[in-house]
Every structure is written in C-alpha cells, then in structure tokens.
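Report on the structure given below.
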Amino acid sequence: MKAFEHMNAGTVEEASAALRGGGASLIAGGTDLLAALKDNLLPDYPRTVVNLKSAPGLAYIREDGGLKIGALTRLADVAASPLVRERWTALAEAAQSIATPHIRNMATIGGNLAQLPRCWYFRKPENRFPCLRKGGAECYALTGDSRYHSAFGGVKTCVTPCAAECPAGTDIPGYLELVRLGDLEGAAKLIMQVNPMPAITGRVCAHFCQQGCNRHNESESVLIGGIERAVGDYLLEHSARFYAPPERETGKSAAIVGSGPSGLAAAYFLRRAGVKVTVYEAKDEPGGMLLYAIPAFRLPKDVVRRFVNALMGMGVEFRSNTRVPVDAAPEELEENYDAVCYTTGAWKRPVLGLAGEELTVFGLDFLAEVGKWMDGKVGAEVVVAGGGNVAMDVAVTAKRLGARKVTLACLEPRGRMPATAEEIARAEEEGVIIMAAWGLSKVVEKDGKVAGLELKRCVSPWDESGAFHPIYDENEKRVVAAENILMAVGQQADLSFLGGKYQLMLTASGLIDVAEDTAMTSRAGVFAGGDATTGPATVIRSVAGGKAAADGMLLYLGVYPAHDAGAAVAPGSAAVVPGSAAVVPCSAATAPGSAATGYRLRFDAAGRQLKQSLRLRAQDVSQRRLDAEDAASPTLQEAAEEARRCLNCGCYAVNPSDAATALVALDAVIVTNTRAVPARDFFTVRQPGSTVLDPGEIITEISVPEPAAGQRSAFIKMAYRKSIDFSVVSCAVAAGGPSPRVCLGAVAPAPWRAEEAERIIAAAGRPMDDELAEAAGEAAVADALPFDDTRFKLQIAKTLVKRALRSLTR
C-alpha cells in the first residue's frame, strides 16, 4: 500500500468532519478497504484513513421495538446471535454465508453494506479498467466477459460519453431506447427537451456524439445522426401534435432578433412556456444560416421552412425584412417587450490584411447568393481558403456550379482539419483538391483581376501553448492558378444593431458578453445567444445557446416551465421520461430496485452483435446536384434497427453484499448520522460506491421491524466455493405474513425486489407449497434483461426462490 495518514476518530461526528474535508476514506472492519488500497483499485488514493472502530457505542445487538444492530457489530456476532437467528433468520443466515470465519470476525455489518461493487473489471489491480464507476467512459462488461454481471439490466452512473459530447446535452441512449421499443412519440419528446429541430441537426450537426460512442472501440459507432434525422422527419410530419400552442398564456412577451438556429430554438422554448414571441429577421425569410448559408444538398430549404411553419403554428410571429436598428430601434424593443434576445449570428466578413484581399469573395456571401453564380460565372479554376465545414460547402458548391478544378487550402494538417470527416470525404469524392498545412501569402492579380493565390507552407497553426498562432516557412511558397478566390477562413459576429447610446458590454474577442448562468447581457432584460456570444459555432451549439437564453429569460420573467416530456426544462434540471434511460447527474443515479424507478437500462443482446453501422442511401457522385439532397433519411424501420446497436452504456456490476439482500427482504431501515433510509432505497450506483451515502455520511445503525405474526424468513445463496466467494446468485425471502418479500442478490446493481413473485404469493392466500413456490420462482425472473453470458443466473435464481420459500414450511 501507499503511505497515508491514520486517524482514530473519537466520535461519529469527528469521523464525518474528516470525510467531508476530502481525501479521506473510512475504515470499519477493513476487509474491503485494505484490499482496495493494496491493489490500488481507484484512481484517487486517500491521504487519510479514518478509523471508525475507535468511536464508542456502535457495536451492539438489541431488541427495541424491533431489531437494532450497531454499524460496527461484527458479522460473526450477527450470525451467532440467538435473537437474530430466531426472529430474523434471513439476516443471520446471510451473515453466516459471507466470506470466511476469519473475515467475519473482522468485518462489520456497516462495512459490508458499504463495500465497493463486485465486478472483475472494477477490481482489477492498478485500475487497469477505468470503468464508468471510476469516472471512465465505458462498462467493459458490455463488450467483454459478463458472466458474473447483472441479469436485470444496468443503471446510469453519470452522463454517457455520447451525451457528454453533445453541446445540447441530448439524452442519446434514452431516445435510442425509445426508438428501439417503437415509441417514436416518446423519443421525439425526449429530444425536444433540449433540441426542437432534430430534422435539421440530424442532417447538418457535426455529431460529436458519434465520436464519443463506445461502440467505436470494437466496431463502428452507432449512426446517431441518421436515427435523429428519422425521428426529426417523423416529428415534422406530425407537427401539429409536437408543435402545439401552449395550453396557457403567461401574459409575457419577448422579442428575438435573428432567426438562425439559436433564435429559432429560443423562440420554441419561450413559446412552449406560454410567452408571446416575435422574431425579427433582416432577410426575406426566417431561417438565418440554416436557410441561406447551408447548401440544399445538405439541408433542403423545405425542411427549414417546415420547421419555421411549425413554430408559426405554435403562435410565434415572424417579421421579415426588418433590420435592427434601421426598421426597429433596440430602445423600442426594450420598451415594447418584457424581454429581448439578440441572436444575430456571425455574418460579418473578417479582414485578414491579405494583399489583394479586396478581389476575393466572402464564402458566406457566395453560399447565400449562389443563384448569381450560375452559367459558369464561378470560373474554370477556383481556390477556396479554409478548412472547416463552411469551406467544404463552398468548395463542393463551386464544383457543382461547373468549376473544372477546385483547390482548398487550409492552415491545419490533414488530421486536425476542423471540418468533419464526412464533409472532407464528400469534397474529395467530387474532385476537390485539399492542400493541408498551407497558409495565405497574397492574391496574384493580372490587369486588376484574380489570376491565382500564392500560398506559403504552414509549419504549425499553434504555438507551444496550443494557442492559435500560425508559424510559416517563408521559403516554401506555391502559386495556385484561379479565376475566383472564395474566402471561408472565419466569420465575425454581426453587432450592427449596436451604436450611439445603445451599447452592450463586449468580450475581449468582440462578442456580446453574457452571464454564464442566465445569458443576460449588461442590460437588464436583454439577453443574447448563439454565434453573437461564442463566435462561429456548430448548429447544435447554437441551439444549446438559444435554449440557455430562453431559460434565462423565463427565469427573468418569472415563468418556470413545467417538467413534462415536451416542455422546456428549467436550467440545471434533469427531467425524466418514465421508462427512459434519462441522463442524470452521477450523484443522482437511482437504484434499479424495481421497474418503477424508471432508470433500469435495457440493451438489445442481438443488436450488440451487429458490427457495421447503418449506411445512408446516397446519390451517386455523378447524379448529385445543388438543389437536391445527397442522401435520403433512413426509414423508421432502419432507424430502429440501428438503434439496436446502442449499448445503452451504464454500470452492470452487481451489488456485492449478501447482508443487503436479507435486509431488503426484511424491510430494514439503514440509519446514518444524518437520516434514516429504507434498505430498498439505500443501495444504488455511484462513482465508485454502491449506496446513497453522501460525503461525510456514516452508517450508525441497522433497524429491522418486528416480523408480522406468522412471518418467517430465510436466505440461501449459490457460490462456487463454500467459503470466501461472492454469491453467483442469492435469495432472501420473508413469507407467512400479509406482505411477502422476495429479494434476489448478485443479479442486479442493487438488491432486486421480485415484486411479481411477491404479488403471486400474496394473492394465493394459502400456505406455501411446491406449486406456489414454483410459480413464485418463475415470476421472480420474468422481467429479467440478461446478457447471453448471464442467462444461466435465471435458472439458479428460480431454483433458489423455490428452495428458500419451501424451507419456511420445514
């Protein structure tokens, strides 16, 4: 073991204070903690080990309106107690079954309840498998040997890697599960909690989520964007249902300036909450970048228009051809509306200081006015400057306009270009020549017209600290002939509405400065979101910015949105759709004690074997056009099939405590220094523990109620060795009274209450016999969700339930 400080706590309060200070671990019996320290299981090693055994008054067994056991009572004493063996037999039998006599003489009942999970990946020495329970990215049982893991599904421990990569925080595993189950309405509503335009983002989002998908570790990532797109199309086809006007009006009003993705998202969430929304747009139609800057072969104009029309159906008012401040002064907006939000985007061309720059064309203007470039006006040879998705759109558009040769030059090396791999591949399929690691030197002109672009080798776009600071080799230059040079090397925020007496505080980068928690600007009641606050960003990040602004406005207006599946969600909340695998904070993960919790993770065992991801039906390169989408959306059936490949990442380790199984069956209560928790709610999945204990919270007592008249209990387990081994499956039962209990251990991340088996026993209304015990055994595993590797546990569980119940009649 590594060195650590050792502290003998004089009281529970003293031990609790040391734990709250951080960097400390509690030792009760020590059999689990010392092994964990010796093997260096966890990423963080404690600086201090706090000895609770030095605190008096925590080791006792007494009858006091039920059974009371001090947390430091040794397992050997629990097993040997005549009182426990006679009245609460299941607990005595469970304690007797744990480990070896030597360990039972050291281990305490409190320590047994709070021990780390049983999983051979988790317990591999030197933290060789940094799993989800240790702050890692995956559960290795999902792709490796899982024979001793859960047969009843998993539990969400924290935000999954795919969802963590999504700027909007979309609950990706949750909606994929609903798609897999055929609940498209539920899937659509779950997405709409954070993103009201999945038909758009499913087409143009960079889909960072797919980079985070754990399936790429052993095959191909799930095509999350394709599934999102299919659900989004379904949503637009039933827009009247999903974009219905609010049930109540708040009497509040809001103006939004700009109708790009951020403005449209803000409009949706505000209107959904009952705010009267008016959107001001300078151009002929609402849609911003979505309509004017993204080519139709990636995002059909009709999709954007249908979404805008859906918002109109909700009651959002759009005022096009209205520029702020020309046609509507900012002061007037503040006077006429309860709140104002600026989502004006990044339409402004940056000035690079390049010699001959005035002869080049701004890439966004080129995309927005593509109709003016028909009939060969683009020229035979074109150079595009830039390495992002906009640059790829510009290059492909130029190629489809008839340019014979399109060369794209960017500062970044090939492996670090900001454009997505999909967009780079599209450009190269169509013959675009990519010159990575080349910077701009000067425009070559002849008779006042563009003749080419001189490039110079870029050694690195970044300095040693990682900051953007291009370094060039001035001795290596090259001239690329061109009739037109299209600049797509960045955009600046459009802040043209500012001026005179109307000012907002800006950041050092020249963007609107907003409060991080509310998106409010330096003027009360005035908010901002999207590219105007972040600089050029992805569509989904702009959507997230629009939602953040809407949340801030709702708080400012005193409107707190309802926590239903289709409504906006208050900042920081984690609304849950029943039955979904909702994204929850790590500290709020809930035990899978029954189906009622709504957190039990399901996955498709057969889908896990599907290695290749879905391929979109794409047009042949020779058939691609400017005005038609390159690839068709997946069918709903294809989307459901692809959703089967999702691993629904969570923890599938089983709870290690045999005593826990018995205590749940006996309706015990776990008493800590701060509260009393029913045993069935006490065991959960956290990083890294198996209980709901908060920092500084310590188990002090186990309280078990008096058995009902006629009630008896029993515990039985199957292990490969009589001593030392954890259970493969265990079972605790209590029957003969009005409320029978059947609890399975080592089959789920927490002790599993077999409620259907309990109902069958209670409904029978007769003494236990073989037929009733057999029926209860079958019912106990009816809602299992096993891996192929853990199916064997189900037969063992059925047999143990039957044997435990029949033992009560002997």
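One residue stands out in region 462-486 among those that are out of contact with any Leu (no Cβ under 8 Å at 6 or more places or on another chain) and aliphatic (A, V, I, L, M): the one that is least open to solvent (accessible area, probe 1.4 Å), namely Leu486.
Filter region 519-539 down to the residues that are polar (S, T, N, Q) and over 20 Å from Pro330 (Cα atoms) and list them by number. The answer is Thr534, Thr538. A single member of Ala775, Ala782 is free of Cβ contacts under 8 Å to residues at least 60 places away in the same chain, open to solvent by 30 Å² or more (accessible area, probe 1.4 Å) and over 39 Å from the mean Cα position of the chain (by Cα), and it is Ala775.
If you go through region 307-339 and keep only what is of a type in the set (A, V, I, L, M) and either more than 19 Å from Leu557 (Cα to Cα) or in contact with an Asp or Glu (Cβ under 6 Å, 6 or more places away or on another chain) (or both), you end up with Val308, Ala310, Leu311, Met312, Met314, Val324, Val326, Ala328, Ala329.
Contact map, region 364-375: residues that are closer than 17 Å to Trp347 by Cβ paired with residues that are surrounded by 11 or more Cβ atoms within 10 Å (Cβ to Cβ) and of a type in the set (Asp, Glu), Cβ distance under 9 Å, separation 6+ or inter-chain. Pairs shown: Leu367/Asp393. In this structure, does Gly736 turn out to be farther than 21 Å from Ala79 by Cα and either under 36 Å from the mean Cα position of the chain (by Cα) or open to solvent by less than 50 Å² (accessible area, probe 1.4 Å) (or both)? The answer is no for Gly736. The sole residue among Ala409, Ala419, Ala398 that is open to solvent by less than 50 Å² (accessible area, probe 1.4 Å) and assigned to a loop (DSSP other than H, G, I, E, B) is Ala419. Just checking, does region 704-727 include any residue being at positive phi, outside any strand (DSSP E or B) and surrounded by 18 or more Cβ atoms within 10 Å (Cβ to Cβ)? Scanning region 704-727, I find no residue that is at positive phi, outside any strand (DSSP E or B) and surrounded by 18 or more Cβ atoms within 10 Å (Cβ to Cβ), so the answer is no.
Counting only residues that are surrounded by fewer than 24 Cβ atoms within 10 Å (Cβ to Cβ) and in contact (Cβ under 8 Å) with a residue 12 or more places away in the chain, give me the helices (runs of 4 or more DSSP H) lying completely in region 165-237 with at least 3 of them.
Qualifying helices (runs of 4 or more DSSP H): 184-192, 208-212, 224-237.
Of all the numbered requirements in (1) open to solvent by 20 Å² or more (accessible area, probe 1.4 Å); (2) within 20 Å of Ala732 (Cβ to Cβ); (3) not in a strand (DSSP E or B), Ala79 misses one, and that requirement is (1). Restricting attention to region 104-137, the residues that are assigned to a loop (DSSP other than H, G, I, E, B), in contact with a helix residue (DSSP H, G or I) (Cβ under 6 Å, 6 or more places away or on another chain) and open to solvent by 30 Å² or more (accessible area, probe 1.4 Å) add up to 2. Filtered by the rule that a residue be small (Gly, Ala, Ser) and in contact with a Pro (Cβ under 8 Å, 6 or more places away or on another chain), region 412-445 gives Ala436, Ala437, Gly439. Residue count for region 3-17 under the criterion of being part of a helix (DSSP H, G or I) and under 12 Å from Ser54 (Cβ atoms): the result is 3.
The values are calculated or read from the model by the stated rules, or taken from the named source; none is laboratory data. Bear in mind that the values here come from a model prediction, so they are computed numbers and not experimental data. Note: ideal-geometry Cβ built from the backbone for every residue, glycine included; neighbour counts use all protein chains shown. Heads up: the accessible areas ignore ligands, DNA and RNA and are worked out on the full protein's heavy atoms, side chains in. Shrake-Rupley method; radii C 1.70, N 1.55, O 1.52, S 1.80 Å.
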